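S.K.: The structure that follows is given in the form of structure tokens.
The values are calculated or read from the model by the stated rules, or taken from the named source; none is laboratory data. The structure displayed is predicted, hence computed values, not measured ones. Every residue, glycine as well, gets a Cβ built from its backbone with ideal geometry; the counts of neighbours run over all protein chains shown. Please note that ligands, DNA and RNA were not included when accessible areas were found on the heavy atoms of the full protein model with its side chains. Shrake-Rupley method; radii C 1.70, N 1.55, O 1.52, S 1.80 Å.
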Amino acid sequence: MADRLATPDAAAALARVRLVHTVVWAFFAGCIIAIPLASLYGRHVTAAWLSLAVAGEVVVLVANKFRCPLTAVAARYTDDRRANFDIYLPEWLARHNQRIFGTLYLAGVIFALARWALAAA
């Protein structure tokens, strides 16, 4: 099958989807990194809001069989199915993204809960 990126319109559309996907990814990655930092500085309410924002994204991923909805949008414009065809990330990071950031998210939430419990004691 010929690559659907044969038209400039398809290439531009894919680039836009990849850019939006990357910005959304950066937002949630930033939230995940910020959770333990907020907690470390005693900003427990901020850590809770960040955790809830990421939990919302997890719900979206679970509802879409652990795929970002933007992946399906990007797939309309190319036959490429490498791990990073839909986002501006290195292929290795795109391939292991959920494992890496899922682990960081859980560790950050556990850390934040522990800090909150110690602060409340």
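S.K.: Working only within region 51-100, note down all residues that are assigned to a helix (DSSP H, G or I), among the β-branched types (Val, Ile, Thr) and in contact with a helix residue (DSSP H, G or I) (Cβ under 9 Å, 6 or more places away or on another chain). It would help to see each step written out before you state the result.
M.R.: If we filter region 51-100 for residues that are assigned to a helix (DSSP H, G or I), which is where we start, we get 51-63, 69-75, 91-100.
Filter once more, keeping what is among the β-branched types (Val, Ile, Thr): 54, 58-60, 62, 71, 73, 100.
Matches in region 51-100: VAL54, VAL58, VAL60, THR71, VAL73, ILE100.
S.K.: Another question about this same structure. Do we find a residue being surrounded by 16 or more Cβ atoms within 10 Å (Cβ to Cβ) and either aromatic (Phe, Trp, Tyr) or without any contact (Cβ under 8 Å) to a residue 60 or more places away in the chain (or both) anywhere in region 4-23?
M.R.: no
S.K.: Within region 47-75, restricting attention to residues that are in contact (Cβ under 8 Å) with a residue 12 or more places away in the chain and not aliphatic (A, V, I, L, M), which residue is farthest from ILE110 (Cα to Cα)?
M.R.: Here the answer is THR71.
S.K.: Let me ask something else. May I ask you to list the residues in region 49-106 that are within 20 Å of PRO36 (Cβ to Cβ), open to solvent by 60 Å² or more (accessible area, probe 1.4 Å) and polar (S, T, N, Q)?
M.R.: GLN98, THR103
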